[in-house]
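Here's the structure, in structure tokens; my notes come after.
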Ligand code: CP
Ligand code: NVA
């Protein structure tokens, strides 16, 4: 039994194995209608709880579909339907759910909730996003990058905008998969030094370059995300927009990346805020491949969790 909590907690060879499995699973389904089951129904007889304390389109649908394709069943639960936060401890919830289901995926606010769930569950727990990280997204992103551009090792990945949870998991991945990571954004929204120091200690270049043009120059991949995450207060909206406006990904910024660079966004995107529609819908954008790859990558993650 193995938890999938963060990319920096899993050995690089295991992460690579998960991605290889994701590619294999994806190829094996080519041409099959989406609703049909895989040839290998590895989750037959298994029940998976999908817990959401925040909204979700991709994570919710891709996990649910992935479990069904593998022959299993799901219970999709919103935080407000459970006793989470109504006095019962997360630890007790974890113990109870472990008596009913074979796997738990949780999207929550504080990382502490995820960690308490994982500490007390006797079934694997998967991080479906916290305020701090979003590892499933980045597994899909690495898969997507390598499908389009080949091995990510040694490549230059540039994150523009808010140094948020998705950015943090990208920095974890830089250390584990061996690519350079440049953050460009305002000083007030930089990623936590802890993430950057850990990746640097693994021998990769992790740097902050304030000027977006300088940062993006020579990039193999340009990535951004919403300027206001689900856990951010809406009252900071105007201040954040003012700080981040200069970091919008638009055609003139993309011109400084390598000619064959690609653009990624985990979605949902706020068109013409963090990215223009011309980039989102342009030839360099792979955002919908990323969304599709959530399905394949997470199926491989679930198989890995249940494999030992
Ligand atoms: N990218 C992502 O996790 O999307 P959802 O919030 O729709 O799940
Ligand atoms: N940073 C965003 C990602 C959504 C998938 C958020 O946390 O809201």
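Looking only at the stretch 237-250, decide whether some residue is closer than 30 Å to residue 15 by Cα, in contact with a strand residue (DSSP E or B) (Cβ under 9 Å, 6 or more places away or on another chain) and modelled with pLDDT of 95 or more.
yes
To keep it simple, each residue is scored yes or no on (1) free of Cβ contacts under 8 Å to residues at least 40 places away in the same chain; (2) within 16 Å of ligand 2 (Cβ to nearest atom); (3) part of a strand (DSSP E or B); (4) surrounded by fewer than 16 Cβ atoms within 10 Å (Cβ to Cβ).
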site	(1), (2), (3), (4)
67	no, no, no, no
71	yes, no, no, yes
96	yes, no, no, yes
106	no, yes, yes, no
109	no, yes, no, no
118	no, no, no, no
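Taking the stated definitions as given, is residue 171 under 15 Å from the mean Cα position of the chain (by Cα), more than 16 Å from ligand 1 (Cβ to nearest atom) and either assigned to a strand (DSSP E or B) or surrounded by 24 or more Cβ atoms within 10 Å (Cβ to Cβ) (or both)?
Values: under 15 Å from the mean Cα position of the chain (by Cα): yes; more than 16 Å from ligand 1 (Cβ to nearest atom): yes; either assigned to a strand (DSSP E or B) or surrounded by 24 or more Cβ atoms within 10 Å (Cβ to Cβ) (or both): yes.
Taking the combined requirement at face value, the residue satisfies it.
Is there a residue being within 18 Å of the chain's Cα centre (by Cα), within 16 Å of ligand 2 (Cβ to nearest atom) and in a strand (DSSP E or B) anywhere in the stretch 158-166? Full working, then the answer.
In the first step, residues of the stretch 158-166 are kept if they are within 18 Å of the chain's Cα centre (by Cα); the result is 158-166.
Still in the running and within 16 Å of ligand 2 (Cβ to nearest atom): 159-166.
Still in the list and also in a strand (DSSP E or B): 159-160.
Yes, that holds for at least one residue.
In the stretch 27-61, how many are within 16 Å of ligand 1 (Cβ to nearest atom), assigned to a loop (DSSP other than H, G, I, E, B) and surrounded by 11 or more Cβ atoms within 10 Å (Cβ to Cβ)?
Result for the stretch 27-61: 4.
Just to be sure before I move on: is residue 129 crowded, with 21+ Cβ neighbours inside 10 Å, away from ligand 2 (no atom under 13 Å from the Cβ) and in a loop (DSSP other than H, G, I, E, B) in the structure I sent? Before the answer, list the steps.
Working: crowded, with 21+ Cβ neighbours inside 10 Å: yes; away from ligand 2 (no atom under 13 Å from the Cβ): no; in a loop (DSSP other than H, G, I, E, B): yes.
No: the conditions fail for residue 129.
With (1) in contact with a strand residue (DSSP E or B) (Cβ under 6 Å, 6 or more places away or on another chain); (2) within 16 Å of ligand 1 (Cβ to nearest atom) as the list, and residue 117 as the residue in question, which single condition is left unmet?
(2)
Does residue 122 meet the test of being farther than 23 Å from residue 247 by Cβ, in contact with a helix residue (DSSP H, G or I) (Cβ under 8 Å, 6 or more places away or on another chain), assigned to a loop (DSSP other than H, G, I, E, B) and away from ligand 1 (no atom under 16 Å from the Cβ)?
Numbers: farther than 23 Å from residue 247 by Cβ: yes; in contact with a helix residue (DSSP H, G or I) (Cβ under 8 Å, 6 or more places away or on another chain): yes; assigned to a loop (DSSP other than H, G, I, E, B): yes; away from ligand 1 (no atom under 16 Å from the Cβ): yes.
Criteria met by residue 122.
The values are calculated or read from the model by the stated rules, or taken from the named source; none is laboratory data. These numbers were taken from a predicted model, which means no experiment stands behind them. Positions of Cβ are generated from backbone atoms using ideal geometry, with glycine treated the same way; all protein chains shown enter the neighbour counts.
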